[in-house]
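The values are calculated or read from the model by the stated rules, or taken from the named source; none is laboratory data. Note that the structure is predicted; figures quoted are calculated from it, not measured. Here the Cβ positions follow ideal geometry from the backbone for every residue, glycine too, while neighbour counts run over all protein chains shown. Only protein heavy atoms, including side chains, enter the accessible area calculation; ligands, DNA and RNA are left aside. Shrake-Rupley method; radii C 1.70, N 1.55, O 1.52, S 1.80 Å.
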Amino acid sequence: MADDKDVLRDVWFGRIPTSFTLYQDEITEREADPYYLLLPRVSYLTLVTDKVKKHFQKVMKQEDMGEMWLEYEGTPLKWHYPIGLLFDLHASNTALPWNITVHFKNFPEKDLLHCTSNYVIEAHFMSCIKEADALKHKGQVINEMQKKDHKQLWMGLQNDKFDQFWAINRKLMEYSVEEGGFRYIPFRIYQTTSDRPFIQKLFRPVTAEGQTHTLGDLLKEMFSAAVTPDDGEKKYQVVIHGIEPVLETPLQWLSEHLSYPDNFLHISVIPMPTD
């Protein structure tokens, strides 16, 4: 892959200042102060919020504490989506810190998956990586790796170790010069205005004639309303990792540099703020 290591580092070390407040109807023995954390964009909520749970445990009785879940402005936050994606999708245009509400009862079964341990997160994460590699290399790279390599990917993410993670992940980003890119680009396009969880289809990084596909090409095919016509008004922001990449950016480059650790490009398409 092209060695833009600074980009990889910037993506990895992206943080979101966040304030966690206990839901007003939770039963406490004394008033619960908010808890503040810098959340890593590339991680998962259930992986980095142990401290939040312990903070609120201090003011609650054990019998009043069910499985912790989090919401933002009435929307339960899916722990199996990366944190940066959740923020981009639900809170892009709000002032920081991100104000998340913490719950310990009335778990929203219809909206959220249960997460009983870090093994559940690891299984989800590894299944995404395998799916991404099936798209990129027919699964050959991930299947040729040893179990310890798989573990190193997970431990790198869990312990926030950039070099440990990328020592293995770079192999998942390689391709031969003749191929000109991956077989297909692993991507998901999300909208808050749709009932579909996301759009995911097969899309190649180059055309049959060898022309490079761009982010704009992908959007035109998958969600054309996100591309502003030359004479039209911009209706949507297209956000990856908190930025709006120019639509002329080659998709292959984005896949190599702006994918989350699960190897997917998670693209948020959000309506332009009206105020």
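A few comments on the model shown:
- Aspartates and glutamates with Cα under 16 Å of Lys54, excluding same-chain neighbours fewer than 8 positions away: Glu26, Glu29, Glu31, Asp33, Glu63, Asp64, Glu67
- Of the residues Ala132, Ala123, Ala208, the one that moves most in a GNM of the chain with alpha-carbon contacts below 10 Å is Ala208.
- Residue-count net charge about Leu112 - beta-carbon cut-off 13 Å; Lys, Arg +1, Asp, Glu -1: -2
- Average accessible area per residue (Å²) across the chain - probe 1.4 Å, nucleic acids and ligands excluded: 52
- Pairs over the 32 Å Cα-Cα cut-off, from the set Lys51/Lys201; Lys53/Lys220; Lys53/Lys161; Lys5/Lys201; Lys201/Lys234; Lys51/Lys136: Lys51/Lys201; Lys53/Lys220; Lys51/Lys136.
- With all protein chains in place and a 1.4 Å probe, the accessible surface of the range 141-194 carries 45 percent carbon and sulfur.
- Stretched out straight at 0.36 nm per residue, the stretch from Asp50 to Lys234 would grow longer than its current Cα-Cα span by 62.2 nm.
- For the chain, the 222 nm mean residue ellipticity estimated from helices alone, with every DSSP H stretch of n ≥ 4 adding -39500 (n - 2.57) and the total spread over all residues, rounds to -9500 deg cm²/dmol.
- Shown here for the range 209-275: GluC sites (Glu not before Pro) in loop regions (DSSP other than H, G, I, E, B) with at most 12 other Cβ atoms within 10 Å, namely Glu209, Glu233, Glu248.
- Förster radius 35 Å - calculated FRET efficiency between Glu209 and Ile243 (Cβ-Cβ, nearest 0.05): 0.70
- Measuring how big the chain is from its alpha-carbon positions, Rg and Dmax come out at 19.8, 68 Å.
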